[in-house]
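Input: a single structure, listed below in structure tokens.
The values are calculated or read from the model by the stated rules, or taken from the named source; none is laboratory data. Nothing here was measured: the structure is a model prediction, and the numbers come from that model. In this analysis, Cβ positions are derived from the backbone assuming ideal geometry, glycine residues included, and neighbour counts consider all displayed protein chains.
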């Protein structure tokens, strides 16, 4: 199948269990919860989304006709000379599971990649993935109810207590950021206090923004 990719880039994972780990990110174009138009954002389930996933005009983006050609492009973004380190690919979006399939995962694994996905959980993830991160969104049906980590933006219309019984290995709260610094600070404190009261949950941040990298 052809793949539409917004951008592919090498950076450090900024959130969750793998925070600080070097990885190639492949951002697919498109999402099933928001069309990417600012005028429609206020009515979207993920109205707080801060990601540009529209089009294929980002760095290394484009249309890829085969899984092999996309996997090769992904591999070209991993620095040379790091043969002793297993490369990691993080498929993200938008909603990556609209396009990510077993063929692409297989091609990436053949090139030595550890494969991870960041999904809103409305589509079942391929079982061949090594790592599955699910971030449920308010008002959407959660289909992927098991995986490696579950991450909620907090405070959130999806209350943490409603998902604690799901079959995930790790549970993370990520404070909701705002253009108002005082609101961001308040959300950070509320998230920290929730984790202190409920130690099943761990606090995570969008650390890449603090580091000044993509």
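General observations
- Of the residues contained in segment 175-197, none is found to be under 30 Å from residue 80 (Cα atoms), more than 14 Å from the chain's Cα centre (by Cα) and at pLDDT below 95.
- Entry remark, segment 3-28: residues being surrounded by 20 or more Cβ atoms within 10 Å (Cβ to Cβ) and more than 13 Å from the chain's Cα centre (by Cα) number 5 in total.
- Residue under evaluation residue 84, criteria (1) in contact with a strand residue (DSSP E or B) (Cβ under 9 Å, 6 or more places away or on another chain); (2) closer than 19 Å to residue 18 by Cα, criterion not met: (1)
- For residue 157, the conditions (1) part of a helix (DSSP H, G or I); (2) modelled with pLDDT under 95; (3) over 17 Å from the mean Cα position of the chain (by Cα) all hold with the exception of (1).
- Any chance residue 138 is at pLDDT below 95 and closer than 23 Å to residue 201 by Cβ: yes
- Across segment 165-205, the qualifying residues are those that are touching a strand residue (DSSP E or B) at 6+ places or on another chain (Cβ under 7 Å) and in a loop (DSSP other than H, G, I, E, B), and the one among them that is surrounded by the most Cβ atoms within 10 Å (Cβ to Cβ) is 204.
- Only a single item in (1) touching a residue at least 24 places away in the same chain (Cβ under 8 Å); (2) in a strand (DSSP E or B); (3) within 25 Å of residue 211 (Cα to Cα) is not met by residue 132, and it is number (1).
- Residue in segment 29-65 that is surrounded by the most Cβ atoms within 10 Å (Cβ to Cβ), counting only those that are outside any loop (DSSP other than H, G, I, E, B) and touching a residue at least 24 places away in the same chain (Cβ under 8 Å): 64
- With respect to the conditions (1) closer than 30 Å to residue 72 by Cβ; (2) more than 16 Å from the chain's Cα centre (by Cα); (3) surrounded by 14 or more Cβ atoms within 10 Å (Cβ to Cβ), residue 131 lacks only one, and its number is (2).
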